[in-house]
């Protein structure tokens, strides 16, 4: 079994294990998710922030715990939107409710998707006190007349927000940041795909590069407030050391390969992702105007880290996004494996071949090393060795070389590895 | 009434008042035009150059005065090309003539437009002694046989060339140059539209920004020789202080919004105009190879000021150009108002928001300021506040931000103003 | 007769004289070619390298001499692939053979072109011991059954490799490199066109610019190993002095005008060639990935000279390439003359107008010099003098000016010459 196949089996298992938990910005679902990963990599450090703590312009919210929720038709006792059946049914951060009200009044607290009438939407109201239920539009249309009991057994209290950090020290302090988020309930692509890929990459780095050059910082944060909280403590060191960063989001489906560029679109993280995926037929590049995850904080002018986003289908750009259809029907082993290959190739490039350089002053003789044909005939096609080596000038990154040759990063990695074996580059 | 509507009423009035005057490089028509503006803004300084003065490679020409001109069919006494009916009938700078000549010989001095047979062309011969009449092609075809008297009651003598300068001092010496020309007879778009817009902008700056930051230099010059004469005296101070300049030409019609780029096309004046007009459906950008007014002098290598041209329909690119059809049939209140809005937005941008900057290190919390939705649902469209603020890094001008977001400058101005009110940028 | 016509007559004569010689990396054919040119320009210096000498990663090969070769059908005594009829019939660097073998075994040593069944291919095996014959596919199909005698009367021995160098000293040490190759047998475009153009250009420079500014270095080298050998001795001085270099290859046909860019495509040699040929309707630009001649060595990262390739039809991109059809059916006087014009215009630009500069601060008055119309009328088209002069700022090369104006270099040369005569630029 190839390495990537092996990791894809693990990733899908982890994701399925974690799917049922009800994660949010705070609460036990998120903490349990972090603890699950800590069992795999005990070096994961859980960092906590108390509710009410000021972090830049923001404040850590109350902790939210939810045990159950539904609404019940008084007359028939029929229950709808049962949290225990699907945790998307409750609006995230709903405060506790237990009251009888008319259908009309209830409907003001019900969210549906008119254009996707079979699906339950995912809705939150973190920073404004509110409560509500999410159901399919079709179900809403069929709700019987009469009064209802709305029941939400939740708690909002001064607790804490938790996030995970794992640092793999390298020979040098310059570091590569890989960040993903842990704050959505049962969503597969727009939640679990990123964390499980991160966990696999941690394993890959530890095993593959026993003596890795760069330092790697993996973050598992509740989106927005989590990265802001973390940055409020660590932004100086990140600003000093991060040479490239990657936000992993929606990396589990098989539909596309997407890059969301950094704020200015000119960073090594941009070209690293681009070179890995631009030859895929369903490659899509988005400008920073289409951002949406924690790159919003990492790239903000004051901090301005070189961070880009890697997605398969970009958040917001696949129809299952933020609905009950974001499940293991779209997140697959194959989808996760493809993402693992993309990211592990990028890491391998950083570790081994970032700015390849030849020591030769003119072309080395490749034919004596069997890298070039010995006979000169019309239409003999030689391989790309010479095309690669002429850009191994110490100024072109391996990513730029791939783009220049209009070849994918994995192809270039294979060839450049052979050139290194032959000591033609270093 | 909006400010711009108010100015459009004034502009059209001024232009109509001044239309009948026969302006040229020199002479009373031009001087009277300057004096008319001086009544509105007494700070306008009239600067004079004596005929024969050397200015760089050029020489100030003789002063030209014209009282009357026509040609008369001897037999029928019928008069044609009467100056008193339309001052385009006489070739600019014609020397005095009073003689009888055959139709054949007369025709050598008659100019028409074969492709626009109903219109009188505008023709000049400033630097080569000549005389002539301009009539419509249709009229020419119908001229009766026989001898004619050609009569031009003009004078060419050592006099002076006049131009107008108005400086609004700012808090700093860095200045914005706005230049327009006063040397064409009864033409509306390719003459009066620019000066009346300048006069309105002077008023706007004085009233809107009582304590303006930048210094503004407004010039009203006879084209080419006027700007050369002015530069011969002032180029050093302009080279030192001008950070952006705008030539206003043909800004009164409703057909297009045009930018003629500076010599290298990379100046802030280029992007200032572009950001104001690039979202108009009839926007047109011209390279410097299509220049034609005083940017020819301002951008010349030795002086090389950052000057661009703003036009509605660009000189040479509308069919009424340099004909008797360049009248108030094409120059309208609406056309002038649109131009006022473009230029006043640019000035407002310079004065208030040129390089906006946020003091925040991560995203500020916009929802608590009602600039962002408090509920997170699929397909909630938030406004562009965050998209703007991420480029408020002190390095992107407001013009670049508009281009980056693919939004017009007025839209960005409105949003950025709100961000400033909320103290999110400074 | 124009200068270029005169040179085209000479070039075609030289090429036809030299066509029959059997050139290779080494040997008498190549040496005789050099001596032929030395008769024309006695300053050509022949530089020799002994077989076995290490040059960078390479080694000078054995000297190869060939007197005769063919294969003979034993039964009928019919001879095929007779070297004396066409020197393409023998694989370059074939070792001596004289043996009888079956048709089957012989066929393993026979090269044809299946897609061009009438043509003899050109094949070499410089660095791996081998022997073989080249014939047309049609002839191969008709070879009679039975045994054959293979006969190659060649020698491989410790001898030498020769190359030619001619330096025309200039007023300054900065130099222009012009390199071409002398290692193919009877091929017209992909061999002789380049050297005869070089020889003509040497003559042109000597006669036209008696006191030339730049130093010119002309090289006539066996491809790859020749330039590597030369660079192994001279790379330091070339790295120090070469400001632009041109490899001349396949410059004799009438089909296209091609540029192969330097390694990064941003050198003055790139734009020099481009400006000369980009207005031709059959202009083609290739990136460095399509290189193939000695630019492979000159541009290699360690040395990285600003060298581009000028071709008519690029090597590899015309159907006659490396076949017996590469003859004087495609190389013509007209083709050579067109190339002479391209290269002599580039040289003239370097010598006389590289970075033109005006001394004026505003537009000079062109009408008094009869370079601009004295009358101002709609639709008067003035010539490009002003468009050129505004970019004569000492920062735009004449090549950039041509590109900027979207005009060919010869047009710009003519206009700029006139501006110089009028002392408007220097």
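The values are calculated or read from the model by the stated rules, or taken from the named source; none is laboratory data. None of the values given here were measured: they were computed from a predicted structure. Every residue, glycine as well, gets a Cβ built from its backbone with ideal geometry; the counts of neighbours run over all protein chains shown.
Taken over segment C:377-403, the criterion of being farther than 14 Å from residue C:354 by Cα and either exposed (fewer than 14 other Cβ atoms within 10 Å of the Cβ) or at the interface with chain B (Cβ under 8 Å from one of its Cβ atoms) (or both) is satisfied by C:377, C:378, C:379, C:380, C:381, C:382, C:383, C:386, C:387, C:390. Is it the case that some residue within segment A:38-45 is surrounded by fewer than 18 Cβ atoms within 10 Å (Cβ to Cβ), in the same structural domain as residue A:217 (by TED's automatic domain parsing), touching a strand residue (DSSP E or B) at 6+ places or on another chain (Cβ under 7 Å) and in a loop (DSSP other than H, G, I, E, B)? Yes, that holds for at least one residue.
If you go through segment C:322-350 and keep only what is surrounded by fewer than 24 Cβ atoms within 10 Å (Cβ to Cβ), touching a helix residue (DSSP H, G or I) at 6+ places or on another chain (Cβ under 6 Å) and within 14 Å of chain A (Cβ to nearest Cβ), you end up with just C:324.
Report yes if residue B:130 is under 29 Å from the mean Cα position of the chain (by Cα) and crowded, with 20+ Cβ neighbours inside 10 Å, otherwise no. It is false that residue B:130 is under 29 Å from the mean Cα position of the chain (by Cα) and crowded, with 20+ Cβ neighbours inside 10 Å. Scanning segment A:99-119 for residues that are touching a helix residue (DSSP H, G or I) at 6+ places or on another chain (Cβ under 7 Å), within 11 Å of another protein chain (Cβ to nearest Cβ) and surrounded by 13 or more Cβ atoms within 10 Å (Cβ to Cβ) returns A:112, A:113. Looking only at segment C:52-85, residues that are part of a loop (DSSP other than H, G, I, E, B), out of contact with any strand residue (DSSP E or B) (no Cβ under 9 Å at 6 or more places or on another chain) and either surrounded by fewer than 17 Cβ atoms within 10 Å (Cβ to Cβ) or away from every other protein chain (no Cβ under 14 Å) (or both) come to 2 in all. Take residue B:239 and decide whether it is under 21 Å from residue B:162 (Cα atoms) and either within 14 Å of another protein chain (Cβ to nearest Cβ) or surrounded by 22 or more Cβ atoms within 10 Å (Cβ to Cβ) (or both). The answer is no for residue B:239.
Per-residue answers, yes or no, for (1) within 14 Å of chain C (Cβ to nearest Cβ); (2) surrounded by fewer than 24 Cβ atoms within 10 Å (Cβ to Cβ); (3) in a helix (DSSP H, G or I):
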{"residue": "B:179", "(1), (2), (3)": "yes, no, no"}
{"residue": "B:186", "(1), (2), (3)": "no, yes, no"}
{"residue": "B:193", "(1), (2), (3)": "no, no, yes"}
{"residue": "B:197", "(1), (2), (3)": "no, no, yes"}
{"residue": "B:204", "(1), (2), (3)": "no, yes, yes"}
{"residue": "B:212", "(1), (2), (3)": "no, yes, no"}
{"residue": "B:218", "(1), (2), (3)": "no, no, no"}
{"residue": "B:227", "(1), (2), (3)": "yes, no, yes"}
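If you check residue B:151 against the conditions, is it closer than 28 Å to residue B:48 by Cβ, at pLDDT 95 or above and in contact with a strand residue (DSSP E or B) (Cβ under 9 Å, 6 or more places away or on another chain)? Taking the combined requirement at face value, the residue does not satisfy it. Reported count of residues in segment B:184-217, each being touching a strand residue (DSSP E or B) at 6+ places or on another chain (Cβ under 8 Å) and closer than 30 Å to residue B:327 by Cβ, is 10. So is residue A:26 assigned by TED's automatic domain parsing to the domain that holds residue A:165 and touching a strand residue (DSSP E or B) at 6+ places or on another chain (Cβ under 6 Å) or not? Considered against the rule, which asks whether it is assigned by TED's automatic domain parsing to the domain that holds residue A:165 and touching a strand residue (DSSP E or B) at 6+ places or on another chain (Cβ under 6 Å), residue A:26 comes out as yes. Scanning segment A:279-312 for residues that are crowded, with 21+ Cβ neighbours inside 10 Å and under 12 Å from the mean Cα position of the chain (by Cα) yields A:293, A:294, A:295, A:308, A:309, A:310, A:311, A:312. Sort out which residues of segment B:351-394 are free of Cβ contacts under 8 Å to residues at least 12 places away in the same chain, in contact with a helix residue (DSSP H, G or I) (Cβ under 6 Å, 6 or more places away or on another chain) and assigned by TED's automatic domain parsing to the domain that holds residue B:410, and write them in order of number. B:374 - this is the single residue of segment B:351-394 that is free of Cβ contacts under 8 Å to residues at least 12 places away in the same chain, in contact with a helix residue (DSSP H, G or I) (Cβ under 6 Å, 6 or more places away or on another chain) and assigned by TED's automatic domain parsing to the domain that holds residue B:410. For residue C:362, the criteria (1) buried (at least 18 other Cβ atoms within 10 Å of the Cβ); (2) more than 8 Å from every other protein chain (Cβ to nearest Cβ); (3) modelled with pLDDT of 95 or more hold in every case but one, which is (2). Go through the residues of segment C:121-128 one by one and say whether even a single one is in contact with a helix residue (DSSP H, G or I) (Cβ under 7 Å, 6 or more places away or on another chain), within 14 Å of another protein chain (Cβ to nearest Cβ) and over 18 Å from residue C:227 (Cβ atoms). Within segment C:121-128, one or more residues are in contact with a helix residue (DSSP H, G or I) (Cβ under 7 Å, 6 or more places away or on another chain), within 14 Å of another protein chain (Cβ to nearest Cβ) and over 18 Å from residue C:227 (Cβ atoms).
Scan B:77, B:85, B:105 and give me the residue that is on the phi > 0 side of the Ramachandran plot and without any contact (Cβ under 8 Å) to a residue 60 or more places away in the chain.
Answer to the selection: B:77.
Could you tell me whether residue A:140 is out of contact with any helix residue (DSSP H, G or I) (no Cβ under 7 Å at 6 or more places or on another chain), assigned to a strand (DSSP E or B) and farther than 23 Å from residue A:224 by Cα? It is false that residue A:140 is out of contact with any helix residue (DSSP H, G or I) (no Cβ under 7 Å at 6 or more places or on another chain), assigned to a strand (DSSP E or B) and farther than 23 Å from residue A:224 by Cα.
Residue selection: residue A:101 fails the criterion of being within 17 Å of residue A:185 (Cβ to Cβ) and outside any loop (DSSP other than H, G, I, E, B).
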